[in-house]
Amino acid sequence: MSDQTIPRVRPGLPSGPLTLNGELRFRGLLEKLPAGAYTCDPHGLITYFNQHAVQLWGRSPRLNDPVDRFCGSFKLYALDGSPISHDQCWMALALKNSLEYNGHEIIIERPDGQRCTTLAYANPISDETGRLVGAVNVLVDISDRKRAEDALKEADRSKNEFLATLAHELRNPLAPIRAAVKILELKAKVTPDSRAALEVIDRQTRQMARLIDDLLDIARITSNKLELRKERIQLREVFNMAVETSRPLIDQRGQKLTVKTPAQPIYLDGDVVRLAQVVSNLLNNAAKYTERGGQIWLTAARRGHDAIVTVRDTGIGIPRESLPRIFEMFTQADRSSYQSSGGLGIGLTLVKRLVQMHGGNIMAHSEGTGKGSEFSLALPMMDRPPRVKAKRVKQVTGSDSGRGTPCRILVVDDNRDSAESLGLLLELLGNEVRVVHDGLTAVRIADEFQPRVVLMDIGLPSLNGYDAARQIRQQPSGAQAVLIAVTGWGQEVDRQCSRDAGFDHHLVKPLDPDTLTTLLASFQSVTV
Ligand code: ADP
């Protein structure tokens, strides 16, 4: 059949001088599409639609009817739920601007109120002279995919929430266990056997606290709640802190650690504690996955504007096929031929996220199983030293640094094990201690006992820790007392709440007995 020119406006077809053959082919194609499709004339009047479009819209619009200009659906919404008028839909824009709008999401509401999310592909149609003769819009229903994505997101959110709660709950029992170990060390005559057993408990609870902290950090990062305390620092400080943390494990495994840094200091803008966590995570892994007596190198170098930190070992290496996924959460390289070294498979995920939060990146390299591993991270370098040297509290690891001048201490915690063990520990260190388990009693006892120091949990029955602190501050002796919040929550917003309530210090559970005794000693000596 020869092509013949058809009238400009015909019901059911895009207007313009399409040939009949061309028009039939065009329409045949749209009929076969596994998606909704319709056409409009240059004025937006619908000239054709297929059956899929009817299913999507939940109705059949009338052709060439100004009531259904641009779109046959009942109502339209953007992804954020805000309504979109028909003259702003993708079809209308394609006609108005003579532009293609492909793959844009839009929500269609049917007359029965049901909504479906679609991808719109709106394209203008021009004749051979370039004159706009209409437009075609193809609508792909992605509601099922969207529902599956939403369900996945929800499951991921629940998982993160569960991990955060789990980590939080697991942390609490650690404080009394560690305090109890300290009590036994201080109290009885400890035989060498029991001392060894106490050291095992102490080491293992420290390790457990580290794993739980990693879990908490991951939960915080995935919900964008982890805050960095950035300042101008020297890379050397990061190395010192990391090596101090990892040294016991490396020594225990009889490995040799070589640290190399350039003579000229390297300056970074970063959170020294978090960067030290990154490097010590890598060092710990190197120690874990390297044979006894193996070698580990920690080096720093300059490359362009970056500081390059490398942790290399002579250990079991990483199989080539595991390398691409090594930084993904819960990934552990296939260890079928090796003894499992424990761990949760989140350390490297945490490392990568922390490095990225510092504007850097990290790469893993290994020649394969048995050939050692190398982790290199690049961090943006700064050219100037810090203006004022930041003062940092030194982490003291000595065991009896709390034996300062005795003082009156009130311990408030509704977890009885935590409260009693902490109270006993403080008594053994020579202090006069009272222990209570709720906020109202804390306020009453504070008035009678007139403590020099109050160690107070926040989530308390009868009166929460913030309100109890406020009331204690109102008491004649309360104004002088040192109020210390002891809580599971350690973000800036939590610290601010403590400050606002009148606390002088904010310690995060599980309380490290050494940190606490150091803190107590610091202000005891000031006041004597
Ligand atoms: P974990 O050590 O808790 O399993 P990580 O996220 O720290 O979790 O590490 C993920 C995996 O990467 C480990 O299980 C291990 O298989 C591999 N890995 C990490 N560091 C090294 C290393 N230095 N040498 C060999 N394998 C390593």
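What follows draws every value from the coordinates through simple rules; no lab data is involved. Please read all numbers here as calculations on a predicted model, not as lab measurements. Every residue, glycine among them, receives a Cβ derived from its backbone with ideal geometry; neighbour counts consider all protein chains shown.
Before moving on, here are some points about what is shown:
- Gyration tensor (alpha-carbon) shape descriptor, the stretch 151-305, a/c threshold 1.5: oblate
- Taking a straight Cα-Cα cut-off under 15 Å and skipping sequence neighbours fewer than 8 places away in the same chain, the aspartates and glutamates within cross-link reach of residue 256 are 244, 291, 313.
- Residues whose amide H comes within less than 5 Å of that of residue 432, counting only those at least five positions distant or on another chain, are 407, 408, 409 (H built at 1.01 Å from N in the peptide plane).
- Across all Cα pairs in the stretch 95-159, the calculated P(r) in 10 Å bins from zero up to the longest distance comes to 19, 33, 26, 15, 6, 2 percent per bin.
- Ranked packing of 213-221, 140-148, most packed first, by mean Cβ within 10 Å: 213-221, 140-148
- Taking amide H positions as modeled 1.01 Å from N, with prolines and chain starts lacking one, the residues under 5 Å from residue 37 and 5 or more places away or on another chain are 50, 52, 53, 139.
- Residue-wise HN-Hα couplings along the stretch 409-419, as the Karplus relation 6.51 cos²θ - 1.76 cosθ + 1.60 with θ = phi - 60° gives them from phi, are 10, 9, 9, 10, 7, 7, 7, 4, 4, 4, 5 Hz; Gly and Pro carry x.
- Equivalent ellipsoid semi-axes, the chain, via Cα gyration tensor eigenvalues times 5, rooted, Å: 65, 32, 21
- Antiparallel content of DSSP bridges confined to the chain, in %, to 5: 70
- Each residue of the stretch 248-265 was assigned a 3J(HN,Hα) from its phi angle through the Karplus curve 6.51 cos²θ - 1.76 cosθ + 1.60 (θ = phi - 60°); the sequence is x, 5, 5, 5, 4, 8, x, 9, 9, 10, 10, 10, 10, 9, x, 4, 6, x Hz, with glycine and proline shown as x.
- 57, 297, 90 arranged by Cβ crowding within 10 Å, fewest neighbours leading: 297, 57, 90
- Under 5 Å from the amide H of residue 507 lie the amide H atoms of 485, 486, 487, each residue being 5 or more positions distant or on a separate chain, with H modelled from the backbone and absent for Pro and chain starts.
- Derived scalar couplings between HN and Hα for the stretch 122-133 equal 9, 9, x, 10, 10, 7, 4, 7, x, 7, 5, 10 Hz in order, rounded to whole Hz, by the Karplus curve 6.51 cos²θ - 1.76 cosθ + 1.60 (θ = phi - 60°), x for Gly and Pro.
- The stretch 435-528, Rg to Rh (Cα coordinates; Rh as Kirkwood inverse mean 1/r): 0.94
- Among the listed pairs 32/153; 159/509; 159/230; 182/225; 75/96; 75/146, those with a Cα-Cα distance over 26 Å are 32/153; 159/230; 182/225.
- Radius 10 Å from Cβ of residue 178, net charge of other residues (Lys, Arg +1; Asp, Glu -1): -1
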